[in-house]
Each structure stands twice: as structure tokens, then as C-alpha cells.
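Worksheet: one structure, shown below.
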Amino acid sequence: MMRIDIISVVPALMQSFFEHSICKRASQAGLVSIHLHDLHDYSSKKFRQVDDYPFGGGAGMVIAVEPLSTCLDHLMAERTYQDIIFLTPDGQTFQQGLANQLSLSENLLFICGHYKGIDERIREKYVTREISIGDYVLSGGEIAAAVCADAIIRLIPGAIGDESSALTDSFQDGLLAPPVYTRPASFKGMDVPEVLLSGHEKKIEAWRHEQSIKRTQDRRPDLLQ
Ligand code: 6GU
């Protein structure tokens, strides 16, 4: 079973997410266990403070080395993590290929940044990988951690109902997914493409592939390079 630990200053932000969605199903099926850790629990300060003013001045607060290293040491003493991932807008952009790779891990540890970031020494000493989910700035890494965890967990065999479903996702073969339809076959004069009703598996497969390519050409020609 895969284990994911997530360190955050606002773990409640992710609680509901992991208690619903595919992640809940995967947890119930015993495919993954997700552990949220409140960084404040590792503070030695009187009011459980975890951040401090940046040396050199400037706006915003920085998550301090001490509570984070205490938390990390505690978790790392219990098990070996394949990756210790810091979610940060200056990280490597998260893509399907990385989700595939990380889905083979046994233990993953995510650190969510907040405020102005975390003390650089944590990044140097502990972090093995830094991930961004796109070129925009979020208030914290929590949503990014949830995004990454979701993308990873759904790839674990058995996590989604239809075993083959994850394999036909957009991006999984470097192409966008083809259009899909369900009943009724005709709605207000709009008809489902004939081939999908034909029962001819080979033709359907060929049509879908062709539609995938067309859609990718139209919308994301960069993927075809
Ligand atoms: Cl991982 N964190 C934050 N704070 N903002 C982001 C991000 C991560 N990825 C894109 N924007």
C-alpha cells in the first residue's frame, strides 16, 4: 500500500478533499493511506508558532527550519521516502509523466509552503524534488499537494472503477482524450457519431484515435512536437 504524508500549516484545507473523491475510495480499498500533519504540532514555541520574519527584511513570513526539521526527522525515522517533495511555484511543472513515475512509490512526503516560503536550508537538506502545478501563484501548497496526490492516486491499479480508465485519460498517450457520448443517441437534432453505435470495436478505436489527434492538433499543437 502506498503511503502519503503531507506536512502543512493548514491541514484542514485538505481534509475534506481526501475524505471524498477517488482518494477516499482508494483509502477504503486499502490502496493508499494519507496522513496529514499539522506543522504547529512540531513547534517548540509557546503559541505553537511555526513562522518568523525573514532575515534581511521584506514582506511576509517564512516557515522556520526548526519545526519543519523536527517533523521531517520524526517521519523519516519511521520509514524511507522515495521522494520528499516541496510544493512551490518555482518547482518543476507537474505533468502526467511525473504522476506515472510517482505512482510507483511506496512512501511519499509532501511539504506545503505557505507565507513567503520555507527556510532555504530545509530545501537543501531534506527536499529531493520541487513541484509546481503551473505558472500562477497560490496562497499555499495545499491545493497543489491535493492536485498531485489525486493525479498519483488515481493511477494506482484498482483506484478507479474501470481498470483501463486511467489508461485512456488525456495525456496518458501524449494526446488529448476524444469526445464521449452517452444516451440518448439523438438529442434535439444532435446525433451521436454513427460509428459509436456500430458495435464495430476496431472502427471505434480508429475513430477515437483520429479524434484524439484532431483535438490535440486544434487545442494543444505543442503536445505533438
Ligand atoms: Cl506548488 N505552490 C504555490 N504556492 N503556488 C503555486 C504552486 C505551488 N504551483 C503553482 N502555483
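The values are calculated or read from the model by the stated rules, or taken from the named source; none is laboratory data. Remember, it's a predicted structure, so these values are computed and weren't measured experimentally. Note: ideal-geometry Cβ built from the backbone for every residue, glycine included; neighbour counts use all protein chains shown.
Take Ile156 and decide whether it is surrounded by 13 or more Cβ atoms within 10 Å (Cβ to Cβ) and either among the acidic types (Asp, Glu) or within 16 Å of the ligand (Cβ to nearest atom) (or both). Taking the combined requirement at face value, the residue does not satisfy it. Across the range 207-223, the number of residues qualifying as farther than 17 Å from Pro193 by Cβ and touching a residue at least 40 places away in the same chain (Cβ under 8 Å) comes to 4. Ile111 meets the conditions (1) more than 25 Å from Leu167 (Cα to Cα); (2) more than 8 Å from the ligand (Cβ to nearest atom); (3) of a type outside the set (Gly, Ala, Ser); (4) surrounded by fewer than 21 Cβ atoms within 10 Å (Cβ to Cβ) in every case but one. The failed one is (4).
Taking first residues from the range 25-47 that are exposed (fewer than 12 other Cβ atoms within 10 Å of the Cβ) and partners that are charged (D, E, K, R), the Cβ contacts under 7 Å between residues at least 6 apart in sequence or on separate chains come to Ser44/Glu66.
Quick grid of which residues meet (1) over 21 Å from the mean Cα position of the chain (by Cα); (2) at pLDDT 95 or above; (3) surrounded by 19 or more Cβ atoms within 10 Å (Cβ to Cβ); (4) within 16 Å of the ligand (Cβ to nearest atom):
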position	(1), (2), (3), (4)
Gln49	yes, yes, no, no
Gly56	yes, yes, no, no
Asp73	yes, yes, no, no
Ala77	yes, yes, no, no
Ile85	no, yes, yes, yes
Pro89	no, yes, no, yes
Ala99	no, yes, yes, yes
Ser103	no, yes, yes, no
Glu106	no, yes, no, no
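Given the criteria under 24 Å from Ser21 (Cβ atoms) and touching a Leu at 6+ places or on another chain (Cβ under 6 Å), does Ala149 qualify? Taking the combined requirement at face value, the residue does not satisfy it. Criterion applied to Leu167, Leu223 was being closer than 23 Å to Asn100 by Cβ and under 20 Å from the mean Cα position of the chain (by Cα), and the one residue passing it is Leu167.
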